Each structure stands twice: as C-alpha cells, then as structure tokens.
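What follows is a set of notes on a single structure, which appears directly below.
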Amino acid sequence: MNSKNVLLALAGALFGAAAGIGVFSWLVHNFAAYGFAIPGVATGLGASVRAELPKAAAVTSGIIGLLAGVFATWKEAPFVANGSFGYFLTHLHDLPSYQMLLLALGAVIAFWLPWRRRAR
C-alpha cells in the first residue's frame, strides 16, 4: 500500500470537509436552505480522489464526514437554550429526526465513496 495514497486521501477528506462546511454555510446564509448531508458527501468525494485506498481510509473518511456535519449543523443552527458546542454534542438526540437522518446519510456516503475505491 502506497502511503502517499493514504495521505492524499486524508488531505482530500479534510479539504472536502472544509468545502462541504463552506457550501452548507453558503446555502444557509443565501437561500435559507439546509443541506445537512453536504459536509459528509464532500468529505467522501475528497477522500476518494485516489485509488487503492486501505479500509482504514474509508472509516476515517466516514468519521470526518460525521464530525464535519455535526460541526456545520452546530455552527449554523445551534440550540436556542445554549449555543455552546458542548451543549450541542450532549443534546444531539434532541435534533429533529430528519436532521439526524441526513447527518447519518452524509457520514455513510463519506465512508462509502472511498470504500468502493479500496485496495482489493
């Protein structure tokens, strides 16, 4: 396994996460639209730019995608009772079910896109 591919996949995942958070914020501010899965999808796209990835790259991408989605959601739609990130994390279960579903979908796509390009 080429370690260069792994590092490029990780860099792509982080770049994709940042881009996804930016797109999510842009949608919220310009169109009052929410795309809770966008950070995860962008993470997966960024991570899958290289072929022959190990399984760990897909798992890492999924985790980064989930974290990016949670961060973007907190940044743009924090709880009214308390806007802190710690409060948000401890009350994730209070999010509407469609938000949790879209966050999970983004994380699954962030995992699946590099998974399908893994080393055989």
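Things to note:
- Within the range 1-58, being assigned to a helix (DSSP H, G or I), surrounded by fewer than 24 Cβ atoms within 10 Å (Cβ to Cβ) and among the polar types (S, T, N, Q) holds for 3, 5, 25, 30.
- Residue 61 touching a residue at least 12 places away in the same chain (Cβ under 8 Å) and not hydrophobic (A, V, I, L, M, F, W, C): yes
- Neighbours by Cβ (under 7 Å, 6+ apart or cross-chain): first from the range 24-48, touching a residue at least 12 places away in the same chain (Cβ under 8 Å); second of a type in the set (D, E, K, R) and not in a helix (DSSP H, G or I): 48/117
- Answer residue from the range 69-97, given it is open to solvent by 70 Å² or more (accessible area, probe 1.4 Å) and touching a residue at least 24 places away in the same chain (Cβ under 8 Å) and is farthest from the chain's Cα centre (by Cα) among those: 75
The values are calculated or read from the model by the stated rules, or taken from the named source; none is laboratory data. Keep in mind the model is a prediction, meaning the values are calculated, not measured. In this analysis, Cβ positions are derived from the backbone assuming ideal geometry, glycine residues included, and neighbour counts consider all displayed protein chains. Note: accessible area is taken over every heavy atom of the protein model, side chains too, but ligands, DNA and RNA are not part of it. Shrake-Rupley method; radii C 1.70, N 1.55, O 1.52, S 1.80 Å.
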